[in-house]
Amino acid sequence: QEVSDTWYIGNNGSATKVYDLTFDAGGQTIYAATETGLRKALVSANPTLYTSWTQVVPISNNSVAFNLVEEVNGKILTNRKGLQYNQDTLYLFDNNKWNIFMKDVYLPRFSLNANNGRIAVNMNFAANIMNVDGSVYSQVLNYKPTAMQAVDMILDPDGTAWIADASSALIKVSPQGVITKIEPNGPSQASTFAIATTGKDVWAVAGGYNNSYTNNYLMANAFSFINGSWNSYNNQNQSLLGDARDYDVIAIDPANAKHLYIGSWGWGISEYLDGILKTQYTATNSSLRSTPFSVDQSIRVGGLAFDSKGNLWVTNSI
């Protein structure tokens, strides 16, 4: 478990960012997707020497970033990053020619993986499983009802797709299209801004504001640890939340541990009962006030507390 060698493969031996690597089917040539184009070297020519590395030709505009490269059935597939959104281009090297793969689809590509003659092309909000001839074998667009935020995607030899998702943990898609969500028993977010407890129950929120008291614009997200299990509450399972963001404070009703209020920095107060969002309080249905010069009617709540008579007190920054 040690680094046996390090290669500087840029022009004249300069350092260059390398995003992906692959070998050809015979293991004779190594391809590198770099920030300055797709480069290659013969293994027998000693890749340690920068002079062994050459720019792959004749790919169009092979001087900008290439972020992905994959060998599939003796062919090389690579992705050229677009300078703007929806300008990525996939190229397939076959019969000594580079041809555009997935014509008319130029969405950003986040990962490539090939197995058993099929190719997983991950585009974050859409994932295509392609045949080598360019036809679509299958497609994943959502997890019903959760939208995709795929970070990576690989294929099993039997055609099962495994998707690592930024908001939905691990997703398994069978060859028949059956979707299974696999997630650990834990909080839905890694970050935590505020926490509150009552008895053995724990509640926490991710969101809040920064040191300048301006928004982080993180989707409203709360999670609880009750009876040994974690549960999440966000706009994917609480329709009343809409696009509310930046939960920052929690107050649990001392008379009922299942009743609580969560304040946000800009979107008012959420009232939960038995894990269900009952009411979203804003300036239109409560005494809360929005900031006077706010275009989006921001309702910033910084503090919540119950008094001895069960009244809820709120600090409302305007």
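Quick one: which residue in Ser4, Ser52, Ser44 is small (Gly, Ala, Ser), surrounded by 14 or more Cβ atoms within 10 Å (Cβ to Cβ) and over 32 Å from the mean Cα position of the chain (by Cα)?
Details: Ser4 fails: surrounded by 14 or more Cβ atoms within 10 Å (Cβ to Cβ); Ser44 fails: surrounded by 14 or more Cβ atoms within 10 Å (Cβ to Cβ).
Step by step, each of Ser4, Ser52, Ser44 is checked, and only Ser52 is small (Gly, Ala, Ser), surrounded by 14 or more Cβ atoms within 10 Å (Cβ to Cβ) and over 32 Å from the mean Cα position of the chain (by Cα).
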Count of residues meeting criterion [open to solvent by less than 80 Å² (accessible area, probe 1.4 Å), more than 19 Å from Gly208 (Cβ to Cβ) and aliphatic (A, V, I, L, M)] in the range 278-300:
1
Among Asn116, Asn128, the single one that is more than 24 Å from the chain's Cα centre (by Cα) and farther than 17 Å from Ala65 by Cα is Asn116
Any residue at all in the range 19-35 that's crowded, with 17+ Cβ neighbours inside 10 Å, farther than 30 Å from Asp133 by Cβ and touching a residue at least 40 places away in the same chain (Cβ under 8 Å)?
no
Exactly one condition in (1) buried (at least 18 other Cβ atoms within 10 Å of the Cβ); (2) more than 29 Å from Pro184 (Cα to Cα); (3) not basic (Lys, Arg) is not met by Ile318; state its number.
(1)
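Conditions (1) modelled with pLDDT of 95 or more; (2) in a loop (DSSP other than H, G, I, E, B); (3) crowded, with 16+ Cβ neighbours inside 10 Å, marked per residue:
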residue: Gln189; (1), (2), (3): no, yes, yes
residue: Thr192; (1), (2), (3): no, yes, no
residue: Trp203; (1), (2), (3): yes, no, yes
residue: Ala222; (1), (2), (3): yes, no, yes
residue: Ser232; (1), (2), (3): no, no, yes
When residues of the range 53-73 are filtered for being in a strand (DSSP E or B) and closer than 16 Å to Thr29 by Cβ, how many remain?
7
Asn67, sole failed condition from (1) open to solvent by 70 Å² or more (accessible area, probe 1.4 Å); (2) in contact with a Phe, Trp or Tyr (Cβ under 6 Å, 6 or more places away or on another chain):
(1)
So, Asn86, is that one open to solvent by 60 Å² or more (accessible area, probe 1.4 Å) and assigned to a strand (DSSP E or B) or not?
no
Pairs where the first residue, in the range 172-187, is open to solvent by less than 60 Å² (accessible area, probe 1.4 Å) and the second is of a type in the set (Asp, Glu), C-beta under 8 Å, 6+ apart:
Pro175/Asp158
I'm trying to understand the selection: among the residues of the range 145-171, which are part of a loop (DSSP other than H, G, I, E, B), closer than 19 Å to Asn221 by Cβ and open to solvent by less than 60 Å² (accessible area, probe 1.4 Å)?
Thr146, Met148, Ser167, Ser168
The range 1-16: number of residues that are of a type in the set (D, E, K, R) and touching a residue at least 24 places away in the same chain (Cβ under 8 Å)
1
Can you find a residue in the range 256-277 that is over 28 Å from Ala166 (Cα atoms), open to solvent by 40 Å² or more (accessible area, probe 1.4 Å) and in contact (Cβ under 8 Å) with a residue 24 or more places away in the chain?
no
Any residue in the range 244-252 that is open to solvent by 40 Å² or more (accessible area, probe 1.4 Å) and either among the acidic types (Asp, Glu) or touching a residue at least 40 places away in the same chain (Cβ under 8 Å) (or both)?
no
For Thr198, are the conditions met, namely being more than 21 Å from Ile299 (Cβ to Cβ), free of Cβ contacts under 8 Å to residues at least 40 places away in the same chain and either among the β-branched types (Val, Ile, Thr) or open to solvent by 50 Å² or more (accessible area, probe 1.4 Å) (or both)?
no
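Can you list the strands (runs of 3 or more DSSP E) lying wholly within the range 96-144 that have 3 or more residues being surrounded by 20 or more Cβ atoms within 10 Å (Cβ to Cβ) and of a type in the set (Gly, Ala, Ser)?
Result: empty, no element qualifies.
The values are calculated or read from the model by the stated rules, or taken from the named source; none is laboratory data. Keep in mind that this is a model prediction, so the values were computed, not measured. No Cβ is skipped: glycine too gets one built from the backbone with ideal geometry, and neighbour counts run over all protein chains shown. Keep in mind that these areas ignore ligands, DNA and RNA; they rest on the heavy atoms of the full protein, side chains included. Shrake-Rupley method; radii C 1.70, N 1.55, O 1.52, S 1.80 Å.
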